[in-house]
Amino acid sequence: MSTPDIAISQRITTQRALRGRKVDPANIIFEIALILSLLTSLGFVILLLATVFSDGVGVFQERGFGFFTSNLSRIPEQAGIAQALFGSAALAVIVVLVAFPLGITTAVYLEEYAPDNKFMTLVRLNIRNLAGVPSVVYGLLGLAVFVKLLGTDMAGGTGITGGRTIISGGLTLSVLVLPIVVITSSEALRAVPASLREGAYGVGATKWEVTKKLVLPNALPGILTGTVLSLSRAIGETAPLILVGAFYGTFFTTGDTGTLGKFTTTYTALPQVIYQWATEAQSEFNVELTSAAICVLIGLTFVANIAAILLRNRYEKRW
Amino acid sequence: MGDMTSVIDAPSPSPLGEPAVDLRGNSRRRWRETRVKVVLLFSVGITLAISVAIIASLLGQSIDFINSIPLDNLWNFDQWAPRIGDFDIATLFVGSLLVTAIAMIIATPLGLGAAIYLSEYASPRVRRIFKPFLEVMAGIPSIVLGFFAIAWIGPEIVQKLFSDASAFSLAAAGIGVGLLVTPLVASVSEDALRAVPLSLREASYGLGARKLTTVTRIIFPAAISGVVAAMILGISRAIGETMIVTLAAGAYGEANFTTNPLDVGMTVTSGIATLASGTDQVAGGAGTAASSAYNSLFFLGLLLFIVTFLLNVVGESFVRRIRERY
Amino acid sequence: MLASPKKLRRFVAGVTIGIVSVGALAVLPAGAQSTSGVNISGSSTVEPITSLVAEQYAGKNPKVSVRVDGPGTGDGFKLLCEDSIDIADASREIKSEEAAACQGKGITYTELPVGIDGLTIIANKASKMKCVDSEQIYGLFGPESDGTFATAQALATELGSTNTPLPTSGSIKKFTPGPESGTYDSFIELGYKDEIETRLKEGKVTTVVDEEGEEVAKEPVVSDGQFPNDNDIARRVTATKNGIGFLGYAFYSENKENVKVISVLNSDTGTCVAPNAATIGNGTYVLSRTLYIYPNNAKVAANADVKGFLNFYITKKSLTATVKDAGYVPLPAATITTIISTWKALAG
């Protein structure tokens, strides 16, 4: 026996009247729209990951470790990312050695030492704006300063950076992430409560003693998070490397130049190899190998990002 | 409480344990202070030097560039073909404009929607899951999104919607850039929404407003300067994005003037990257045509620097406004 | 969860020491002085041959560093004459102004042919185009194909084309190499040299004065995108309805399934000829051309690596099997013998 339609509609009306304003259809539609917008982004990211993984996994299955230990090659079955991994690692080492100390010490000065004057406001503003400069502009800076100016000596010979080398590339990436390191470190230092410093000054510690023994240790998790994130930014950058002359071609070897020699000769890096392969003709290159290399790059940046997030959550403090 | 003790325990006790009389008198300690200060100031100096270096390197070669070409060549809606001396920057400006507009059409609803949901609707648990997701999304390298744009967005979205379009187009690049900018828009606007004090919400509910009204009429207007900031910073990021456009927008080395987003095209950034990759432009040619092409890299860089700088300054001022208000 | 700064500090110290020691390890084995190595640049068309040879050579000589890239023939000659590279790949002969630049720097070189290529005109799969004559090629790609004429066929007809008219379609998108490329120059030379000269004389073409003071077409090839990498051309033609382009035969072979090849009218025989190994080899395909390498003579004498590399390159095996593997057509056996003896004389 089916209930007459009229009875159902009456029941619904009654229910609505009883519930009052609890159910607000407009609000529900709005909330659904919001959830949809979040899920759309999520969907795109999952689609992206699924695409590169399904296209790239074959390379790992067939080649296994060989993909990581082979050099560039015109023959897809032999092409690998060994040179790219070395290049990215070397670039990362330079960033760690150059950008991190400079960035953290700058932040320490700005937060702990700097007098409160117009000049320092300008310095802070300048750093914030540097963080927003497009990466390709840093590439131009690297080209003009590290490749050209420092890459040639007075006589027209090779200068201290050696021109289009890992050193030039690493310095360019260091300059690129420096403002980010300064900003994140500053935020971490600012989060250390003033009461802690005042307590130490009260018993006679000098500024450096307070900074070194109280402020820095307590700000360290935040600083570390920021530096890890900026490192992951650095290893994912492509545009600056194009401009400072990372290798763009299908084949090179460095022979027996030794590890130091590799710092001053032809080099490439993971994102640059992805760029190169993505523009090759055969689908072995522009789909499979590109996807496999992207899996590695995403793997590296995700590990760094997740490590940073975990680190922050683990040591996050509420003062 | 536990926190405090561990913090006080940690540093070595020497300065804290010394008698008060000694405190400022030790010249060795004061000397050390000076040394530290010098080292720190050196670092600050480097960050300033970088700005100077950027401006100096861009400006010098841009001036060379301007002097080396007839000026009516810069704005004639013809084409950008630096190798043969055609330097119509309108071609690249319109390209950048189209890509940025498409990117913001994608990123604004997605980013803003996610931000409102996370700050106003999501339970703390849902928030804890989705917030890191947005952060991870922000960490995807742009070259990866560029590959996604040619492998999927071009053929599966653009060509499905417009069968005449090329898989390589300004539209495909724009959608890719939109995905790149979404997490930035989301996180800046979410910060702004969360900065709106609880008291405003409570007052609204107290007056009997429903949730939808509270969110759209009270909270959103209150956070509007932060949302504007998110948009401006998003636009600045979209204008500066290079690799997605280089891979997906289609034109390379030279581009014809177009206002059609379904066309192949070029932006200011991809103009720089494509001229620099795979040619000896980076090495700097000797001939006149080649060297003005080389210098044009810096001219484009200068334009890019100025535009993004202005946008960032305006964007930051909006961010500060919301910080100061609450 | 309380932050234990001590533990954390130890952790950070560990990480820092780790990173620094990796860095140090990377820097310490400074040992070997960098050998001179072999540095090759130039034509992206020749790059597939040279990089295959280089890979085989490097496999046998792991101590030698070899670098091959392909920005374009013009860029390669520029680098050769700036003494920046050891060997230039070229898909055309050196131009007189380029030769003058080399002479100015006191650089001598030897021209060694390595294979034959057929410039291939490709179109999107959907295209109805089948065969073109030189007037139609001029109509499609030449300096006046920038929209001055309603269709490419209208322009070709004005020039006196008698071939089957081109099918009408929407606005054509053209993807080509750039002026730094030898393919670009060869295409003009082989495709529509007479047409462009006639039109120049008639004053129909926008001109500029080149470095030698001659009036030349400002934009001899009109394009919607110029690519140093021929693969980019094929991919865009594949992806674009009404897309056409031209590229080296090897790059067409790699993209065979994705694009349509257009035959070219041989005006001597009056037949339409499609490019393949036979027609390119015997020259009935009119857009055939020789590919070269240009070693710097001084580098051959001074740098044992360069000499060793060329000893490996200029052999029967490389010039036939490897050239074929790269997708090109080997030179006739007699020519190869001559080239080998030219090289032997140079190498001493």
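The values are calculated or read from the model by the stated rules, or taken from the named source; none is laboratory data. From a predicted model like this one, the values you see are computed outputs, not experimental measurements. Cβ sites come from the backbone with ideal geometry, for glycine too, and all protein chains shown count toward neighbours. These accessible areas exclude ligands, DNA and RNA; they are computed on the full protein's heavy atoms, side chains included. Shrake-Rupley method; radii C 1.70, N 1.55, O 1.52, S 1.80 Å.
Details
- Of interest is the spacing of the C-alpha centroids, which for region C:302-318 and region A:92-113 amounts to 50 Å.
- Sum of side-chain charges, C:Lys344 neighbourhood, beta-carbon under 14 Å (Lys, Arg +1; Asp, Glu -1): +2
- Whole-percent carbon and sulfur share, accessible surface of chain A, 1.4 Å: 64 percent
- Highest-first packing order for the peptide set C:221-230, C:333-342, C:58-67 is C:221-230, C:58-67, C:333-342, based on the mean count of other beta carbon atoms within 10 Å.
- The alpha-carbon atoms of region A:110-158, seen along their principal axes, cover 46, 24, 16 angstrom, with the largest extent given first.
- When the P(r) is computed for the protein assembly as shown, the part past 51 Å accounts for 26% of the Cα-Cα pairs.
- Dipole in debye (nearest 20) - region C:208-271, about Cα centre, beta carbon charges: Lys, Arg +1; Asp, Glu -1: 680 debye
- Across peptide A:237-248, the mean count of Cβ atoms from other chains lying within 10 Å of each residue's own Cβ comes to 6.
- Region B:71-325 - percent of accessible surface contributed by carbon and sulfur, probe 1.4 Å: 65 percent
- Dipole magnitude of the protein assembly as shown about its Cα centre (Cβ charges: Lys, Arg +1; Asp, Glu -1), debye to nearest 20: 5280 debye
- Residues in region C:217-224 carry Karplus couplings, in order, of 4, 5, 10, x, 10, 8, 9, 9 Hz; the curve used is 6.51 cos²θ - 1.76 cosθ + 1.60 with θ = phi - 60°, and Gly or Pro positions show x.
- Among the chymotrypsin sites (Phe, Trp or Tyr not before Pro) found in region A:64-165, those both in a DSSP coil and sparsely packed, with 13 or fewer other Cβ atoms within 10 Å of their Cβ, are A:Phe65.
- Fraction of accessible area attributable to carbon and sulfur, region C:200-335 (%, probe 1.4 Å): 53 percent
- Between the amide H of A:Thr152 and those of A:Gly159, distances stay under 5 Å, these residues lying 5 or more places away or on another chain, with hydrogens modeled in the peptide plane.
- For region C:191-254 versus region B:102-171, the spacing of their alpha-carbon centroids is 38 Å.
- For C:Lys256, solvent-accessible area (1.4 Å; no DNA, RNA or ligand), Å²: 100 Å²
- Rg over Rh [alpha-carbon atoms, Kirkwood Rh] for region C:176-260: 1.03
- Gyration tensor verdict on chain B (Cα atoms; rounded if a/c is under 1.5, prolate if a/b is larger than b/c, oblate otherwise): oblate
- Accessible surface buried once B binds C (1.4 Å probe; total of both sides; Å²): 2500 Å²
- Within region A:233-275, backbone nitrogen closer than 18 Å to the virtual label 7 Å beyond the Cα of C:Lys63 toward Cβ: A:253-262
- Estimated inter-spin distance, B:Val52 and C:Ala150, nm [label 7 Å along Cα→Cβ]: 6.5 nm
- Residue-span extension gain [B:Val313 to B:Trp31] - 0.36 nm each, minus C-alpha spacing: 97.6 nm
- In this structure the amide hydrogen of C:Tyr109, modeled in the peptide plane, comes within under 5 Å of the amide hydrogens of C:Asn297, none closer than 5 places in sequence on its chain.
- Averaged over its residues, region B:168-326 has an accessible area of 31 Å² per residue, based on protein heavy atoms and a 1.4 Å probe.
- For the pair B:Lys160 and C:Thr320, a Förster radius of 41 Å applied to the C-beta separation gives a FRET efficiency near 0.30, rounded to the nearest 0.05.
- Computed log10 I(q)/I(0) for chain A at 0.07, 0.08, 0.11 Å⁻¹: -0.44, -0.54, -0.84, from the Debye equation with unit scatterers placed on every C-alpha and solvent omitted.
- For chain C: rounded, prolate or oblate by the Cα gyration tensor [a/c cutoff 1.5]: prolate
- Taking A:Val203, A:Val177, A:Val228 in turn, the Gaussian network model of chain A (Cα-Cα springs below 10 Å) assigns the largest fluctuation to A:Val203.
- For the chain pair A and C, buried accessible area totals roughly 3300 Å², probe 1.4 Å, rounded to the nearest 100.
- Solvent exposure, largest accessible area first (probe 1.4 Å, DNA, RNA and ligands not counted), of C:Trp343, B:Trp152: B:Trp152, C:Trp343
- Max mean-square fluctuation residue, GNM over chain C, Cα-Cα springs under 10 Å, options C:Phe312, C:Phe175, C:Phe77: C:Phe312
- Efficiency of FRET from Cβ geometry, C:Glu202 and A:Phe68, R₀ 56 Å, rounded to 0.05: 0.35
- Taken one residue at a time, the phi angles of region C:310-324 give Karplus couplings (6.51, -1.76, 1.60, θ = phi - 60°) of 6, 4, 7, 6, 7, 9, 4, 5, 5, 6, 10, 4, 5, 4, 5 Hz. Gly and Pro are set to x.
- Percent of Cα pairs in region B:56-107 per distance bin of 10 Å, from zero to the largest separation: 24, 38, 28, 11, 0.
- Each residue of region C:226-234 was assigned a 3J(HN,Hα) from its phi angle through the Karplus expression (A = 6.51, B = -1.76, C = 1.60, θ = phi - 60°), giving 10, 10, x, 9, 4, 4, 4, 5, 4 Hz with x at Gly and Pro.
- Estimated from helices alone, the mean residue ellipticity of chain A at 222 nm is -21500 deg cm²/dmol (sum of -39500 (n - 2.57) over DSSP H runs with n ≥ 4, per residue).
- Buried accessible surface for the B/A chain pair comes to about 7800 Å², total over both chains, computed with a 1.4 Å probe.
- Total formal charge among the other residues, if their Cβ is under 12 angstrom from that of C:Thr206, Lys/Arg +1 and Asp/Glu -1: -3
- Rounded accessible area per residue of region C:120-286, 1.4 Å, Å²: 40 Å²
- Whole-number percent relative contact order across chain C, with pairs defined as alpha carbons under 8 Å at least 6 apart: 25 percent
- Averaged over peptide A:293-306, the number of partner chain Cβ atoms lying within 10 Å of each residue's Cβ comes to 3.
- Restricting the GluC sites (Glu not before Pro) of region C:84-175 to loop positions (DSSP other than H, G, I, E, B) with no more than 16 neighbouring Cβ atoms within 10 Å leaves C:Glu111.
- Cα-derived Rg to Rh of region A:206-288, Kirkwood definition: 1.23
- Counting DSSP beta bridges with both ends in region C:120-286, the antiparallel % (nearest 5): 70 percent
- The lysines whose alpha-carbon is closer than 28 Å to the alpha-carbon of C:Lys260, local same-chain residues fewer than 8 away aside, are B:Lys160, C:Lys125, C:Lys128, C:Lys130, C:Lys173, C:Lys174, C:Lys193, C:Lys241, C:Lys324.
- For C:Ala99 and B:Leu198, a Förster radius of 51 Å and the Cβ-Cβ distance give a FRET efficiency of 0.05, rounded to the nearest 0.05.
- Using a probe of 1.4 angstrom and keeping all protein chains present, the accessible surface of chain A works out to 41 square angstrom per residue.
- Under 5 Å, built H, 5+ apart or other chain: amide partners of B:Asn76: B:Ile89, B:Ala90
- The accessible-area loss of region B:233-256 on complex formation, taken against its chain alone with a 1.4 Å probe, reaches 40 Å² or more at B:Met243, B:Leu247, B:Tyr252, B:Glu254, B:Asn256.
- Whole-angstrom gap from region B:291-326 to region A:271-296, using each part's C-alpha centre: 32 Å
- At least 30 Å² of accessible area lost relative to the chain alone, listed for region C:150-197 with a 1.4 Å probe: C:Lys173, C:Pro179, C:Glu180
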